Amino acid sequence: MPQAAPQLDQATIDLESLTADVVALAMKAGASDAEAVVREGDEFSVNVRMGEVETLKESGSRGLGLRVFRGTRSASTSTSDLTLDGIRQLVEGAMALAQVTEEDPFTGLPETAEFGSIPGDLHLFFDDVYSLDGKERIDWARRAEAAAMAADPRITNSDGGSFDAATGRKVMANSRGFVGGYRTSYAGVSAAPLAMDANGQMQRDGWWSGARRMADLESPEAIGREAARRTIRRLGACKVPTQRVPIVFAPEVARSLVGSVFEAASGDSIWRHASFLAGKMGAQIAAPTLTIVDDNAMLLPTGAGGFGSSPFDGEGLPSLRTVVVENGVLQTYLLNTYSARKLGLKSTHNASRGLAGTPGIGCGNLYLEPGRQTPEEIIAETHTGLYVTSLMGFGTNIVTGDYSRGATGLWIENGQLTHAVEEVTIAGNLAEMLMNLTAIGNDLVFRGSVASPTLRIDGMTIAGA
């Protein structure tokens, strides 16, 4: 086995040099191609309940992953041991595994000309996420909970207030000359109060704010008050009779529908014939008002990078803006190199990559384009229906499109929100639901990498009393 580069101080490792050296070691060991990824990060998290610190965590991690190819055979290994011996074992293990794996003509790195990275600063990292000292971070969690507890006398208990901060770094290199890296940051605050009605029935809800920098976070007091409002409106919840009515999805739950479309349009689902969208590229799959975009390098209105933004994907291909569905027509599947080769198509630069295993398929900033109606206008023109504020379970069958989820929300009668609803199930078929989309709100806000405005879908079934 050839000698590795001199061991570096673990606290000051040059990650670009490390990944390039590991790739070179794999090539000297007989690999026809190789790819190395290093991830490091640190995080702080505190949860306060009834004013007292319940959990507090500070942690850091660093890990290295290696994928090697021997012709059409491939294998991957990972380690958190970045010593000389640890790296030797990593390379030897990957090469040994590659000798015994099955041949696959579709495996392999992208072509050399495809690699690249979005130039310039995508505003993914801000060092102010650690600008608060430990006491101040705990105080943010306390302030969020205290604001919720003070908002209404019916709020008598709490699942807590929390504050989180994290930074991370990723570096990738491969044997075809690509080396790239970037840093990220995140801060978040949340509250989850509990309220009791006159009959002693408890209800819980919550709210949160997340951002790449502290300056973009909503205040703990605003988060606490909103969490309280959402909790109080759930008091007195009851079942409603089984019926077919329009369902209005609040943005925080509508985004799960967008995520289901992504899963169904994922190349892995398509080539396995495990999606109701297989064979539908170029076909009308949704109402003409629906457009879904995956933008891997977008900026938020604040000027910070999106939660799913990065300069390159999990294989080192430059990030793209991809229109997935336009005016209801499925424009493309979402592909990494492997799934693209299986389908005879080109990668959409949607590879996702952890330390171990082969690249999967992931989204960047995936969103449903907003319409012009306000949520209030959508509700006002809905005679009878359910405004869904939370969903339970994972009842979406991507193969058939069958959809069934536990739901809670608010009943709509004569265009007004009247009372809370719980312990019901909403059901339909995703293919029909997309075609029966009758209203899209103008309230698109990114609170994660997947986002949607308010949506109304007609003709769904509520299974209730």
Checklist entry - What are the lysines whose alpha-carbon lies under 22 Å from the alpha-carbon of Lys342, with same-chain residues fewer than 8 places away excluded? => result Lys280
Next on the checklist: Need one number: nm distance between label points at Glu218 and Glu136, each 7 Å from Cα along Cα→Cβ, rounded to one decimal.
Outcome noted: 2.2
Item to check | Listed residues Ala222, Gly181, Gln201: farthest to the positive end of the dipole of segment 173-250 (Cβ charges) | outcome: Gly181
Checklist outcome for this item: accessible surface per residue for segment 183-301, probe 1.4 Å, DNA/RNA/ligands not counted, whole Å² -> 40
Item to check | Heavy-atom accessible area per residue - segment 61-150, 1.4 Å, Å² | outcome: 49
Checklist outcome for this item: For Glu40, the net charge from surrounding residues (Cβ-Cβ under 9 Å; K, R +1; D, E -1) works out to +3
Item to check | Nearest-10 value in Å² for the accessible area of Glu252, using the 1.4 Å probe | outcome: 40
Checklist entry - Which of the chymotrypsin sites (Phe, Trp or Tyr not before Pro) found in segment 45-136 are loop residues per DSSP with 16 or fewer other Cβ atoms within 10 Å of their Cβ? => result Phe106
Checklist outcome for this item: Hydrodynamic calc, segment 49-128: Kirkwood Rh from Cα pairs, then Stokes-Einstein at 10 °C with viscosity 1.306 mPa s, so D in µm² s⁻¹ is 94
Item to check | the chain, dipole about Cα centre (Lys/Arg Cβ +1, Asp/Glu Cβ -1), debye to the nearest 20 | outcome: 640
Checklist outcome for this item: Taking N as the residue count of the chain, its alpha carbon Rg divided by 2.2 N^0.38 Å gives 1.08
Checklist entry - Roughly what angle does helix 15-28 make with the longest principal axis of the chain, taking Cα atoms, 0 to 90 degrees, to the nearest 10? => result 50
Next on the checklist: Rolling a 1.4 angstrom probe over the protein chains, ignoring ligands and nucleic acids, what is the accessible area of His419 in square angstrom, nearest 10?
Outcome noted: 70
Next on the checklist: Using only DSSP helix segments of four residues or longer, with each worth -39500 (n - 2.57), what per-residue ellipticity at 222 nm results for the chain after dividing by its residue count and rounding to 500?
Outcome noted: -6500 deg cm²/dmol
Checklist outcome for this item: Partner aspartates and glutamates whose C-alpha sits under 16 Å from that of Lys239, ignoring same-chain residues fewer than 8 away, are Glu413, Glu422, Glu423
Checklist outcome for this item: Computed ³J(HN,Hα) along segment 297-306: with the Karplus parameters 6.51/-1.76/1.60, θ = phi - 60°, integer Hz and x for glycine or proline, the list is 9, 6, 9, 6, x, 6, x, 7, x, x
Checklist outcome for this item: When every protein chain stays in place and a 1.4 Å probe is rolled, Ser319, Ser45, Ser78 sorted by accessible area with the largest first are Ser78, Ser45, Ser319
Item to check | Exposed trypsin sites (Lys or Arg not before Pro) absent: longest stretch of the chain, with sites in DSSP loops and at most 13 other Cβ within 10 Å deemed exposed | outcome: 1-238
Checklist entry - In the chain, carbon and sulfur make up what percent of the accessible area (probe 1.4 Å)? => result 51
Next on the checklist: Quick check: the angle from helix 251-265's long axis to the longest principal axis of the chain, C-alpha only, nearest 10 degrees?
Outcome noted: 40
Checklist outcome for this item: Helix 84-100 sits off the longest principal axis of the Cα atoms of the chain, rounded to the nearest 10 on a 0 to 90 degree scale, by 90
Checklist entry - Which value, in Å² rounded to 10, gives the accessible area of Glu103 with a 1.4 Å probe and all protein chains present? => result 120
Checklist entry - Setting aside same-chain residues fewer than 8 positions from Lys28, which aspartates and glutamates have a Cα under 16 Å from its Cα? => result Glu92
Checklist entry - Hey, if you put +1 on the Cβ of every Lys and Arg and -1 on every Asp and Glu Cβ in the chain, which of Ala20, Leu97, Pro318 ends up farthest toward the positive end of that dipole? => result Leu97
Checklist entry - Which of the chymotrypsin sites (Phe, Trp or Tyr not before Pro) across segment 362-438 are loop residues per DSSP, with 16 or fewer other Cβ within 10 Å? => result Phe394
Next on the checklist: Placing +1 on the Cβ of each Lys and Arg and -1 on the Cβ of each Asp and Glu in the chain, which of Thr107, Ala31, Leu66 has its Cα farthest towards the positive end of the resulting dipole?
Outcome noted: Thr107
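The values are calculated or read from the model by the stated rules, or taken from the named source; none is laboratory data. What you see is a predicted model, and the numbers here were worked out from it, not measured in a lab. Every residue, glycine among them, receives a Cβ derived from its backbone with ideal geometry; neighbour counts consider all protein chains shown. What goes into the accessible areas is simple: the full protein's heavy atoms, side chains included, and nothing from ligands, DNA or RNA. Shrake-Rupley method; radii C 1.70, N 1.55, O 1.52, S 1.80 Å.
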